[in-house]
1. Determine whether N43 is open to solvent by 30 Å² or more (accessible area, probe 1.4 Å) and at negative phi.
2. Would you mind finding the one in V64, V35, V18 that is free of Cβ contacts under 8 Å to residues at least 12 places away in the same chain and out of contact with any Asp or Glu (no Cβ under 6 Å at 6 or more places or on another chain)?
3. Out of D123, D115, D79, report the one residue that is within 18 Å of the chain's Cα centre (by Cα) and at positive phi.
4. For the condition more than 19 Å from L119 (Cβ to Cβ), open to solvent by 80 Å² or more (accessible area, probe 1.4 Å) and of a type outside the set (G, A, S), what is the one hit in E6, E68?
5. Here are M60, M73: which of them is under 23 Å from K128 (Cβ atoms) and crowded, with 18+ Cβ neighbours inside 10 Å?
Amino acid sequence: MGKTLEEKKAIVADLKEVLDESSLALIIDYQGLSVAQISDLRNRMRPSGTICKKAKNTLMRLAVKDDERWQPMTDFLQDSSVFLLVKEEMKEAIKAYEDFQKATKKTELRGGVLDGQALNQDDIKALKELPSKQELMARLAGGIKAVSTKLAVGLNAVPTKLAVGINEVPSSLVRAVKAVSEKEGSQESES
């Protein structure tokens, strides 16, 4: 027995909600996968914060219809589709899917969508090469630490150089007075 209109509306609303929280969508053809294999895919995707949704293409079309950010997904909606909706860790999610695909050899990545752009398989592989969120944060923290260290070293050097300069003033003054008195003494002896 098919789903009622209310059930379909609930599925579309759920899809919209998950899409709103996602940054990347991967669309795969899952034809030939068993229920156990789909469960395995879900379990592999979970650690990367990815939700694996199996939905009719028609319902996904309705979910993305008025959302420009996800509209390009309609290009990939054909046959049997599973949607991998990635919230944060794109690199980990892509790697987890590739590991699953190598193990089962039954799925095919049709494409993906990121910030309103349709992605082909090469684009998705390129995303995997980008640094992860943690790597970027570590780099940023390292850069900030380096700047603050240089600033602290520079600020620390100012009082030291100032003290050396102040210590040098009396010595310079003594040398100047001595030079002037020697000059006056030599002028008096010449007269």
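1. yes
2. Being free of Cβ contacts under 8 Å to residues at least 12 places away in the same chain and out of contact with any Asp or Glu (no Cβ under 6 Å at 6 or more places or on another chain) holds for just one of V64, V35, V18, which is V35.
3. D115
4. Numbers: E68 fails: more than 19 Å from L119 (Cβ to Cβ).
Exactly one residue qualifies, and that residue is E6.
5. M73
The values are calculated or read from the model by the stated rules, or taken from the named source; none is laboratory data. Please read all numbers here as calculations on a predicted model, not as lab measurements. Heads up, the Cβs are rebuilt from the backbone with ideal geometry, glycines too, and the neighbour counts pull from every protein chain shown. Heads up: the accessible areas ignore ligands, DNA and RNA and are worked out on the full protein's heavy atoms, side chains in. Shrake-Rupley method; radii C 1.70, N 1.55, O 1.52, S 1.80 Å.
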